[in-house]
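Please treat every number below as a calculation from the coordinates, not as lab data. Here the structure is a predicted model, which means the values were calculated and not measured. Reconstructed Cβ throughout: ideal geometry from the backbone, glycine too, with neighbour counts over all protein chains shown.
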Amino acid sequence: MNPALKEHALADQFAAVNRAFSKQSYHYDADDRANPILQDMRDQVYTHVNRYLKREGSILELNAGTGIDAVHFASSGHHVHATDLSSGMIRQIMAKIQLPSVGDRLTCQQLSFDQLDQIEGRKFDYVFSNFGGLNCIRDLSRVTKHLKPLLNTDAYITFVIMPPVSLWELAWIFKGNPRQAFRRLHKNGVKAHLEGEFFETYYHSLREITNAFGSNYKLMRSEGLCSLSPPPSPGHFALKHPQLYKTLRQLDSFVRLVPPFNRWADHLIVTFKLVS
Ligand SMILES: C[S@@+](CC[C@H](N)C(=O)[O-])C[C@H]1O[C@@H](n2cnc3c(N)ncnc32)[C@H](O)[C@@H]1O
């Protein structure tokens, strides 16, 4: 595609994303709290991050949403700069900056993750992106190319991102819906429909993510999130089948770091370290 047209298409994409998530921002926290699988997934992400996050570190959060994780980390003593594209999401974070538990440790900025060069005069120990915000961009190097000047020595970056292969989605074959089963494999993206808005989503393999980081970064760990256990979408599976959910979660903990389950999952939790 001609470069000017490409930029135009990206601007349209981000405008639709902003509208969709701004509408969703009003009920986002209530939906999150009501979903036990999502809560469980967040806890698993925190366990992964805590392995690398130093005490009272400074965190740059990308696609921070309403600031659920930003508040979690700021309340635990870290300094968090939370960024998001959506004006509605940023309004929700602004309201949380007043919370006593975060002290003066939470700031926010409305910013697309491909414009991180607009952050001036700050460096971070950690960059964090949770729950698939980065699936809204086709070319991850548009994000990673801006990271280095923002990072302190030995900084870590964790992306929680949806890969092309998820066993739970492939299971749609058995329900006679091959389109749904293989939708993540479309290289040109898949149309997402959220709050009456349409935008493209792109599924990134571990190899693609690693290539976007390049040789200045070392892959530390890739783990599957919901490799065998169900993702949040199929209703309240955890509530309807608590014992089965518990068993599948236990199985997850055995396989999540082992190929192919560290790359075939609903989301991947992938951490890189700045090495040069
Ligand atoms: C599924 S939500 C996840 C929010 C949050 N990380 C969480 O864990 O609750 C995806 C977020 O990505 C944000 N997003 C999408 N495209 C973005 C972009 N280009 N730059 C920054 N944020 C973006 C959306 O506005 C939305 O808040």
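Hull volume per residue, based on the alpha-carbon atoms of region 170-276 and their convex hull, is 141 Å³.
Once you divide the Cα radius of gyration of the chain by 2.2 N^0.38 Å, the number left is 0.97. Ordered by the number of other Cβ atoms lying within 10 Å of each residue's own Cβ, fewest first, VAL258, VAL45, VAL127, VAL80 fall into the sequence VAL258, VAL45, VAL127, VAL80. For the listed residue pairs LYS96/LYS148; LYS96/LYS273; LYS6/LYS187, the alpha carbons are over 19 angstrom apart in LYS96/LYS148; LYS96/LYS273.
Roughly speaking, what % of Cα-Cα pairs in region 133-210 are separated by over 20 Å, rounded to a whole number? The share of Cα pairs beyond 20 Å in region 133-210 comes to 44 percent. For the chain, DSSP calls about 50 percent of its internal beta bridges antiparallel. Can you give me the C-alpha center-to-center distance between region 149-189 and region 55-69, rounded to a whole angstrom? Each part reduced to its Cα centre gives a spacing of 22 Å.
Span-like helix check, the chain: qualifying full DSSP H segments, with Cα axial length of 30 Å or more and mean Kyte-Doolittle of -1.0 or more, are 3-34.
Here is the list for region 181-256: trypsin sites (Lys or Arg not before Pro) lying in DSSP coil, each with at most 15 other C-beta atoms within 10 angstrom of its C-beta, are LYS187. Count Lys and Arg as plus one, Asp and Glu as minus one, and take only other residues whose Cβ is under 14 Å from that of GLN92; the net charge is then -2.
Summing Lys and Arg as +1 and Asp and Glu as -1 over all other residues whose Cβ lies under 10 Å from the Cβ of LEU194 gives a net charge of 0.
Please identify the trypsin sites (Lys or Arg not before Pro) of region 68-131 that satisfy two criteria: DSSP loop assignment and at most 13 other Cβ atoms within 10 Å. Which are they?
ARG122, LYS123
Loop sites only, by DSSP: take the GluC sites (Glu not before Pro) in the chain that have at most 15 other C-beta atoms within 10 Å and name the longest stretch containing none of them. Segment 196-276 is the longest. Using 0.36 nm per residue and subtracting the Cα-Cα separation, the extra length available between ARG55 and GLN39 on full extension is 3.4 nm. Each of PHE14, PHE198 was scored by other Cβ atoms within 10 Å of its Cβ. Listed from fewest to most, they are PHE198, PHE14.
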